[in-house]
Structure formats: structure tokens, C-alpha cells
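Bear in mind that the values in this text are calculations on the coordinates, not laboratory data. Just so we're clear, the structure is a prediction, and the values are computed from it rather than from any experiment. All Cβ positions, glycine included, derive from the backbone under ideal geometry; neighbour counts span all protein chains shown.
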Amino acid sequence: MSADESGVAMSPLIDCVFLLLIFFLVTTIIKRKEKQVRVEMPDTSASVSKKTVSKEFIIGMNKFGQNLQVVGKTTDGGISWRVIPDLSVFLKQRIEQEGVSFLLKPLRIDADGGIEFQKAIDTLDICTLIGFKTVSIKLKQSEE
């Protein structure tokens, strides 16, 4: 090859082609594994309902760690609360009133964002020891 002739260096081109080949082989293997993961899509009739009814039982917690019971709705659409003196006694009374099927309802704890961590854990422990299977916590902005 003389100094005036231009050409393409073949060794970097071959390296690049092999790297691309390896990349595509690896990604196709991953895609095969992804097809093995079973995904259950929700039933289309589940989204047909026009009115959503909350079947959750809600307990509140203020920033002092007191447990709260839902009393009703306020005029602006918020929730009005009342302090529960003893959570375990309150939950046992509700189970006696509504039956054991009450334990199958999802329980949501609306906790104030400034709550002490241990008090939230204590409330979770009480709910699970009573027998609730589905318990979740929703944190609200601290009202200061």
C-alpha cells in the first residue's frame, strides 16, 4: 500500500462486529428467560365499575401516636377523627359486632408524617396480632 492510497483498518472493524454479535446473543438469551416469567393480567371486567367503593377499614394516627377512629366526613371532603383509648379493645369490639369476616378487610393506617417510628410499629403489631391479614400504612404530611 502506498502513501497515497487510503483504506479501512480491518482489525478494529472485526473487533466491533464480534462485540455486536456477543451483545445480541446475550440479549436474546435474556429475552427467552423473560418469557418464562408468568404474568397474570387483571380481568377486564374489574375496571368496568363506575363507582369505586372503598372496602378498607381505616385507622388514623396523629403525631402524638394516638390511634384515631373515623367518625365521618367534613364539609370540605376530609375525614373527621376521634381518639381511640385502647386499640386492641376497639378492634376486638368491631370483630364481635361485624364477625370474623371483618378480619378479611384490608386495614389501612393513615399516620401523620411526624409520628415516632416505634409507635407506628406498635400499632402494626397490634393489628397483626388481632388477626388482620392485610395491613398497610399511608403517611400524611405532618400538620404543624
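So, how do all the Cα-to-Cα distances of the range 57-140 break down into 5 Å bins, in percent, from 0 on up?
Calculated P(r), rounded to whole percents: 3, 14, 26, 27, 18, 9, 3, 0.
Arranged from highest to lowest average of other beta-carbon atoms within 10 Å per residue, in what order do the peptides 10-19, 99-108 appear? List each step's numbers first, then the result.
Working: 10-19: 9.4, 99-108: 14.1.
Sorting 10-19, 99-108 by mean packing, highest first, produces 99-108, 10-19.
Counting only DSSP beta bridges with both residues in the range 69-141, tell me the antiparallel percent, nearest 5.
On the way: 4 of 10 bridges.
Antiparallel bridges make up about 40 percent of those DSSP assigns within the range 69-141.
If we sort 111-121, 57-67 on the protection proxy, mean other Cβ atoms within 10 Å, highest first, what's the order? If you can, show how the numbers build up before the last one.
Values: 111-121: 14.7, 57-67: 18.6.
Answer by packing, highest mean first, reads 57-67, 111-121.
Quickly work out the Ile79-to-Phe117 label distance, labels modelled 7 Å from Cα along the C-beta direction, and quote it in nm with one decimal.
Here the modelled spin labels are 2.4 nm apart.
Suppose R0 equals 30 Å. What FRET efficiency, 1/(1 + (r/R0)^6) with r the Cβ-Cβ distance, do Thr28 and Ser136 give to the nearest 0.05?
0.15
Along Cα→Cβ, 7 Å out, is where each label goes; now give me the distance between the ones at Ile95 and Asp15 in nm to one decimal.
7.0
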